[in-house]
Amino acid sequence: MKQSGIDHFSGKRVWVIGASSGIGEACAKTLLLKGAKVALSSRRAERLNEIALTGTIEQSLVIPIDVTDDAQLQDGYKTILNAWHGIDLLLFVSGVYTPLRAAYFDFKIAEKTIDANLLGPMRAVALVMPEMLKAHSGHIAIVGSVAGYSGLPKALAYGPSKAAIINFCENLYYDLLPTGVSVHMISPGFVATEATAKNDFEMPALISAEEAASEILTGIQKGEFDIHFPKRFTRFLKFLRILPYPIYFWIVRRFVKI
Ligand SMILES: NC(=O)c1ccc[n+]([C@@H]2O[C@H](COP(=O)([O-])OP(=O)(O)OC[C@H]3O[C@@H](n4cnc5c(N)ncnc54)[C@H](OP(=O)(O)O)[C@@H]3O)[C@@H](O)[C@H]2O)c1
């Protein structure tokens, strides 16, 4: 049994959450140029309005929301249902990253990270899933990270939030495969965005947000569950995680100089 992809995006109704910058902005713009109807969400309304100009007025809805706020998400989805009667694809890209190490672990930052990166996608999925199950169709795509594959430095809250996304997507895929609803788990390596601009180390296999958007949308079109890129980096990390812990930690200490 294989889950279905999407032949073309023209006319498809897509909710991009985290559309105001970086990977989400690149996905939203590409989708608008491909003729999709795009509901653009995140907190910065002015950025969303600018990005909406990539397409025609009829093509987009600007729905400012904070993913940590249940009521805002619910109202946002209601607005989409009123306008479009449903969605074909939920593309949840939004995420936050604050470097955290044992020496400066801050529980409040950890709580905010889990709320935005794990509970945020769960809130959105809980909203859109009933309609998709009723229709026996639809796509749920969530951006996690290779930081969720296994423990890495400076990710004491971000890493666990993204590891949980992998598990959440695996669970969803198992349950939704027989229903006609597709699940896409997206694990990027390093992508040049506002989030990574503050990194003070050399990022291996760094790609642009436009390249990331192309990988994501192609993977969704093909119906792929495990969308990871760039492969030269992600395949190496997938190999590392099957190694015994002593070898894994030795390699990380040897090569990660942060
Ligand atoms: N860049 C990388 O190297 C990389 C690698 C692996 C995974 N990722 C993942 O890719 C996703 C996008 O990251 P990016 O690099 O493109 O970062 P970015 O440029 O900082 O974009 C993050 C997006 O999330 C939105 N967002 C953050 N908190 C939000 C909240 N509480 N409510 C609503 N929207 C919120 C931001 O919009 P507002 O500020 O307008 O709310 C923005 O649109 C994230 O999930 C990130 O973890 C990135």
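Within the stretch 138-152, being within 15 Å of the ligand (Cβ to nearest atom), of a type outside the set (Phe, Trp, Tyr) and in a loop (DSSP other than H, G, I, E, B) holds for 144, 145, 150, 152. Screening the candidates 159, 151, 76 for the property of being among the small types (Gly, Ala, Ser) and surrounded by fewer than 17 Cβ atoms within 10 Å (Cβ to Cβ) yields one hit, 151.
Do we find a residue being surrounded by fewer than 21 Cβ atoms within 10 Å (Cβ to Cβ), among the hydroxyl-bearing types (Ser, Thr, Tyr) and at pLDDT below 95 anywhere in the stretch 119-139? The answer is no; no qualifying residue exists. The residues of the stretch 91-137 that are assigned to a loop (DSSP other than H, G, I, E, B), more than 16 Å from the ligand (Cβ to nearest atom) and out of contact with any Leu (no Cβ under 7 Å at 6 or more places or on another chain), listed by number, are 136, 137.
The number of residues in the stretch 187-202 being assigned to a loop (DSSP other than H, G, I, E, B) and within 7 Å of the ligand (Cβ to nearest atom) comes to 3. Residue count for the stretch 187-200 satisfying the condition of being closer than 15 Å to residue 98 by Cα and either exposed (fewer than 14 other Cβ atoms within 10 Å of the Cβ) or of a type in the set (S, T, N, Q) (or both): 7. Every test in (1) over 21 Å from the mean Cα position of the chain (by Cα); (2) within 15 Å of the ligand (Cβ to nearest atom); (3) closer than 30 Å to residue 178 by Cα is passed by residue 70 save one, and that test is (1). So for the stretch 38-51 (the condition being within 9 Å of the ligand (Cβ to nearest atom), part of a helix (DSSP H, G or I) and under 14 Å from residue 127 (Cα atoms)), does at least one residue qualify? No.
Pairing each residue of the stretch 187-208 that is closer than 10 Å to residue 230 by Cα and at pLDDT 90 or above with any residue that is near the ligand (Cβ under 8 Å from one of its atoms) and of a type in the set (Ser, Thr, Tyr), provided the two are 6+ apart or on different chains, yields C-beta distances under 7 Å for 187/145; 188/145; 190/196.
Contact annotation: residue pairs with Cβ atoms under 9 Å, 6 or more positions apart or on different chains, pairing a residue in the stretch 76-89 that is on the phi > 0 side of the Ramachandran plot with a partner that is not charged (D, E, K, R), are 86/80; 86/128; 86/132; 86/135; 86/138. The residue that is surrounded by the fewest Cβ atoms within 10 Å (Cβ to Cβ), counting only those in the stretch 168-186 that are within 16 Å of the ligand (Cβ to nearest atom) and in a helix (DSSP H, G or I), is 168.
Hey, does the stretch 243-253 have a residue that's assigned to a helix (DSSP H, G or I), basic (Lys, Arg) and more than 21 Å from the chain's Cα centre (by Cα)? Yes, because at least one residue in the stretch 243-253 is assigned to a helix (DSSP H, G or I), basic (Lys, Arg) and more than 21 Å from the chain's Cα centre (by Cα). One residue alone among 5, 24, 11 is within 20 Å of residue 218 (Cβ to Cβ) and either near the ligand (Cβ under 9 Å from one of its atoms) or assigned to a strand (DSSP E or B) (or both), and that residue is 24.
The values are calculated or read from the model by the stated rules, or taken from the named source; none is laboratory data. This structure is a prediction, so every number in the text was calculated from the model and none was measured. Please note: Cβ atoms are built from the backbone with ideal geometry, for glycine as well, and neighbour counts cover all protein chains shown.
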